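The values are calculated or read from the model by the stated rules, or taken from the named source; none is laboratory data. As the structure is a computational prediction, the values presented were derived from the model and not from experiment. Virtual Cβ from ideal backbone geometry, glycine too; neighbours counted across all protein chains shown. When the accessible area is computed, the model is the full protein with side chains, heavy atoms only, and any ligands, DNA or RNA have been set aside. Shrake-Rupley method; radii C 1.70, N 1.55, O 1.52, S 1.80 Å.
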Amino acid sequence: RFYCDYCDTYLTHDSPSVRKTHCSGRKHKENVKDYYQKWMEEQAQSLIDKTTAAFQQGKIPPTPFSAPPPAGAMIPPPPSIPGPPRPGMMPAPHMGGPPMMPMMGPPPPGMMPVG
């Protein structure tokens with residue numbers, strides 16, 4: 001007799017054709033998927049628990065975004081807020097600047113190539 005761990009059941013016969021038929025069945029495939037889904041969730045939760053414990057013990061420093069910025073620090077506005085163009089940035093066409101043209105050649109200093 002063959003025992004399927006995923007389905008928690010014994011097959012009536014232990015022949016290759018019976019195993020093949022069982023393993024290609026809908027319920028077996030769902031059980032395999034559920035088994036690995038549960039395993040992945042357990043692994044993720046374990047990693048979260050370990051990270052949380054390490055952070056609480058002070059082994060992981062807080063991220064730079066968790067603390068307020070120092071007094072006098074300037075935070076640039078998001079791109080959607082109109083304002084003067086920031087250094088290294090071309091003004092948007094609606095700000096009266098030249099229309100954006102495809103870049104040819106190397107990018108100017110301070111600009112990262114895309115791609």
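May I ask you to say which residue of 10, 35 is surrounded by 10 or more Cβ atoms within 10 Å (Cβ to Cβ) and out of contact with any Cys (no Cβ under 9 Å at 6 or more places or on another chain)? Walk me through it before giving the result.
Working: 10 fails: out of contact with any Cys (no Cβ under 9 Å at 6 or more places or on another chain).
Sole residue among the options that is surrounded by 10 or more Cβ atoms within 10 Å (Cβ to Cβ) and out of contact with any Cys (no Cβ under 9 Å at 6 or more places or on another chain): 35.
Against the conditions (1) free of Cβ contacts under 8 Å to residues at least 12 places away in the same chain; (2) part of a helix (DSSP H, G or I); (3) open to solvent by less than 90 Å² (accessible area, probe 1.4 Å), where does residue 60 fall short? Just the number, please.
(2)
Check residue 25 against each of (1) open to solvent by 100 Å² or more (accessible area, probe 1.4 Å); (2) at pLDDT 65 or above and name the one condition it does not meet.
Going through the list (1) open to solvent by 100 Å² or more (accessible area, probe 1.4 Å); (2) at pLDDT 65 or above, residue 25 breaks only (1).
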